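What follows is one structure encoded as structure tokens, with my remarks underneath.
The values are calculated or read from the model by the stated rules, or taken from the named source; none is laboratory data. Predicted model, so just to flag it, every value in this text is computed and none were measured. In this analysis, Cβ positions are derived from the backbone assuming ideal geometry, glycine residues included, and neighbour counts consider all displayed protein chains.
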Amino acid sequence: MTYGAKFFDASGNVTFDSSQEHTLFLLDEVSIPAASVGSGLTYSYSGAIGKKITAFIQSPYGGDYTPGEKIQRAQISYPGGVPTVSVTFEDPDALDGAGYTYPKANGYLSVFLTGASQ
Amino acid sequence: MTYGMRFTNSSNITTISDNQKAYVYLGKYGPNNTSGEYTVDITCAGFPMVFMSVPYNVTEGDGGHPGSGIYYGAYIRSGAYVRRIEHLGGSSWRISVAVINASYWKVAGAGTGTVSPIPTTLRVFGRLDLNHPSGISGNPYGMRVWDSTGALVFDSNGRMLRLAGNTYDTELLLKKDYPGTSTGDPRADYNSYDTSVSLPFSLSGKSICATSRSLVRHYEASHAEYFDGTWEYTYNTYDWASAYWANGSTLYSRKVPHTIGTESFPYTLNISSAASDTYTRLAFIDDSQFP
């Protein structure tokens, strides 16, 4: 580190190093009911163009637990340099052995800015 | 930005400003030596990011006790996963964790021996502005940043959510664990359905943020009976979970047994159908940074 700032706690541990890329800051968070996913949801962050993001999705999330339910998947892409998160169910219309579609789980998406460029 | 301050790193990325909300370490829960499922109630204003310690190169009991039941045999292996996060209301959350301890099942099968515990620890992070709106107490120095609404978005006295390595964009395949169209032994395919990802660091002393797919149920035809002009078809059911286990710099999603049972239907099942493969996102922290 040749410039920037480091912060330490009273024990001398580094709590933040402005030169590092791996500290995360919240960019967006959204609760996603299973029924709203449909063929997929897209979240774009044009204000963060050129920056690298990360995203986590907690699924299942919320109330009841249903064995066999599908969980939501979050994928990151950068079309035109705009950080974008897509939320889908894999193969949402797959049928179980009895010929019924699987139950689907709610999710909670958290999107973070990293300190890295794309 | 017409006021305030920015810190910019060598990639010309702003790392601290009044427009970015920090996530800070709120504390750890554990270690917990439970084998099986347990819950931990935590307090966090806003959604918590939960990291779980991973069983690291735990092989005690792998292979279980010789036998043919689901809790016996080679497919008994150890792993752990966060099963779900439930909002109880307000700032209260319940984290459900499942730990599959092969040594436990080995002892249960043999009727003798000693269970080697697999301690799991949860580390929780939350929004600074919601959990410490007036700042983190305890240190009378440092730096704080507020946004234009007066919300505290950075406090140098907090431990920021900081990943181990810059593996921001990692996914891991969670397979459906189904032996294709085979109607044979659904227990026999455990090993080839593991998936893994290699990281640029050792996973010793690391915790992961990852979801796990729900249980996958496999059917195995058992028998059919005829009652009052109607056929009833009975199947053995095998519920499998995807649990995490690490060795060296590789994280594995292991197929592990959960429950076994039977289920009957007035029709035959298409047992080649099954849930789809899916994926989890992954993140890693260094436990030593979050004591």
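A:SER86 fulfils the conditions (1) facing chain B (nearest Cβ under 10 Å); (2) of a type in the set (S, T, N, Q); (3) in contact with a strand residue (DSSP E or B) (Cβ under 6 Å, 6 or more places away or on another chain) except for a single criterion, (1). Filtering the stretch A:70-77 for residues that are free of Cβ contacts under 8 Å to residues at least 24 places away in the same chain, exposed (fewer than 14 other Cβ atoms within 10 Å of the Cβ), among the small types (Gly, Ala, Ser) and within 8 Å of chain B (Cβ to nearest Cβ) leaves an empty set. The listed residues are A:LEU113, A:LEU27, and the only one of them that is under 30 Å from B:ARG144 (Cα atoms), touching a helix residue (DSSP H, G or I) at 6+ places or on another chain (Cβ under 8 Å) and at the interface with chain B (Cβ under 7 Å from one of its Cβ atoms) turns out to be A:LEU113. Please work out if A:PHE56 is outside any loop (DSSP other than H, G, I, E, B) and modelled with pLDDT under 85. It is false that A:PHE56 is outside any loop (DSSP other than H, G, I, E, B) and modelled with pLDDT under 85.
Cβ separations smaller than 7 Å between residues 6+ apart or across chains give the following pairs from the stretch B:114-137 residues that are on the phi > 0 side of the Ramachandran plot to residues that are surrounded by fewer than 17 Cβ atoms within 10 Å (Cβ to Cβ): B:GLY135/B:ARG144. Among the residues of the stretch B:236-274 satisfying the criterion of being small (Gly, Ala, Ser) and facing another protein chain (nearest Cβ under 9 Å), which is surrounded by the most Cβ atoms within 10 Å (Cβ to Cβ)? That would be B:ALA274. Annotation note: of A:ALA98, A:ALA10, the sole residue that is more than 24 Å from B:TYR23 (Cβ to Cβ) and either part of a loop (DSSP other than H, G, I, E, B) or facing chain B (nearest Cβ under 7 Å) (or both) is A:ALA98. Set side by side, the residues A:GLY68, A:GLY63, A:GLY38 differ, and just one is in a loop (DSSP other than H, G, I, E, B) and at pLDDT 90 or above, which is A:GLY38. Looking across the stretch A:1-59, the residues that are among the aliphatic types (A, V, I, L, M) and within 13 Å of the chain's Cα centre (by Cα) come down to A:LEU24, A:LEU26, A:LEU27, A:VAL30, A:ILE32, A:LEU41, A:ILE53, A:ALA55, A:ILE57.
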